[in-house]
Every structure is written in structure tokens, then in C-alpha cells.
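> This structure is in C-alpha cells; I'll ask about it shortly.
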Amino acid sequence: ATFIGLFRNSDNFDVSYVKNTISESESNVIKEFSLSQGASAQTLALTIHLNQEGKLPYSIKYLITPLFSRTGYVAHKDGNEYFNLADRLSYYYTNNFSIGGGLGSSIVAECYAIGGIPGIILLASIFGFMILFLSSKINNPQKFMLLLLLLPGIYYTSRSYILTSVLFAKIPLILLFAYILMIRLLINPLLSHQKTHNLQQ
């Protein structure tokens with residue numbers, strides 16, 4: 001919240017410098033990597049700047065849409081039609097988005113795009129409590145399996161979409177929930193019925 005306050009009230013944030021840094025091409029691989037990381041670190045500032053310019057209104061679509069739509073450049077698509085934050089930032093702040101270039105994101109910037117500072121507080125709290133809950137249930141096989149499936153995506157979330165863990169494990173998660181439903185709706189009642197039948201004998 002402190003950084004957001006500073007960015008919002010600063011008249012010296014040089015967007016043109018960031019855009020030049022993003023688009024700068026270097027033959028030195030190490031230097032090019034360093035430049036790209038420095039530009040990606042500006043994600044939160046660029047999100048705030050785009051919001052202030054009216055090109056990124058707060059919307060729950062930044063949470064939901066990426067789960068069901070493709071990411072990356074789409075020909076003839078306007079910047080306001082992108083609801084993947086990294087794509088929208090790339091559209092407005094890079095010159096190479098149409099050829100596969102672009103920016104990353106961050107969980108803080110993603111939450112800000114959804115609901116400003118209240119969005120950050122609410123969504124980050126939910127995210128943290130979810131991880132704590134799953135971590136405390138490792139003795140439960142089903143919840144432990146859920147944590148294992150989500151874990152790879154969780155590692156990327158600090159620099160990516162808030163539900164990256166769900167995207168990474170979409171099909172395995174569907175199979176896991178189908179398995180849990182089968183156990184609870186079919187297997188458990190069957191075992192319970194068998195146990196009751198045995199007791200009656």
C-alpha cells in the first residue's frame with residue numbers, strides 16, 4: 001500500500017523511460033536479461049499509471065477471464081478488450097507485443113487491477129489463508145494432493161496471474177474433484193451399507 005501511495009502521488013514517474021527500457025534490444029544476453037527484469041519490476045507502477053489514465057478500470061474480469069480465454073496478442077483486438085493484465089500492459093507499453101514480446105505481471109498488480117487497494121487486501125488475504133489451510137491439512141490425503149497440484153503454480157504467482165496455480169493444473173484438478181465426488185457419493189455410501197449389513201448379520 002505504501003508503494004501504491006508513492007506511485008499515485010508521484011509526478012516524476014517516467015513512463016517513456018520504462019517503455020524505452022522494455023523495447024531496448026541488446027546483443028549482450030546478460031544485459032538484456034537485466035533490462036527485462038528491471039522493466040518487469042515496474043509492473044505495479046505501470047498498472048497504477050494505466051488505471052489513472054482510464055485505460056484500466058477496476059474489474060473482476062481480470063480474475064475470471066484468463067481462466068477461459070487465450071493469452072497473448074490477438075490481431076485487431078483493442079487494448080481495452082484484454083483482461084489478462086500482462087497482455088494489457090504489453091499492448092500499451094511495448095512495441096513488440098504483436099511478435100511475441102511483452103511484460104510479466106505480479107500478484108499485487110493483479111489484485112490492484114481487480115479492486116484497487118481494497119482488492120489487494122482482500123484477495124491477498126484469501127490467497128494466504130488458502131495456502132495456510134492446505135498446509136495445515138497435509139495429513140488429509142485429498143487436501144495434500146490438492147496442495148501438490150497447486151504448488152508449482154503458486155511459485156510463479158508472485159510474477160504472474162493470481163490463479164496461475166489453477167491454470168497449471170486445470171485437468172488434474174478436474175480429475176481430482178471427480179475422484180473425490182466418486183468416493184463421497186458412491187464408494188462411501190456403499191461401504192457404509194456393507195458395514196450396516198454385516199452388523200445386522
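> Quick one: what are the phi-derived ³J(HN,Hα) couplings along segment 153-159, Karplus 6.51/-1.76/1.60 with θ = phi - 60°, whole Hz, x for glycine and proline?
Calculated HN-Hα couplings, in order: x, 4, 4, 8, 4, 4, 10 Hz.
> If you don't mind, there's one more thing I want to ask. With a 1.4 Å probe and all protein chains kept in place, how do ARG70, ARG159, ARG184 rank by accessible area, largest first?
Sorted descending by solvent-accessible area, the residues read ARG70, ARG184, ARG159.
> Follow-up. Could you rank THR71, THR47 by how accessible they are, 1.4 Å probe, largest area first?
THR71, THR47
> Decide, for segment 117-178, between rounded, prolate and oblate: order the square roots of the alpha carbon gyration tensor eigenvalues as a ≥ b ≥ c, take rounded if a/c falls under 1.5, and otherwise choose prolate if a/b is larger than b/c, else oblate.
oblate
> Which order do you get for HIS49, HIS76 if you rank them by accessible area with a 1.4 Å probe, largest at the top?
Result, largest first: HIS76, HIS49.
The values are calculated or read from the model by the stated rules, or taken from the named source; none is laboratory data. Keep in mind the model is a prediction, meaning the values are calculated, not measured. For accessibility, only protein heavy atoms count, side chains too; no ligands or nucleic acids. Shrake-Rupley method; radii C 1.70, N 1.55, O 1.52, S 1.80 Å.
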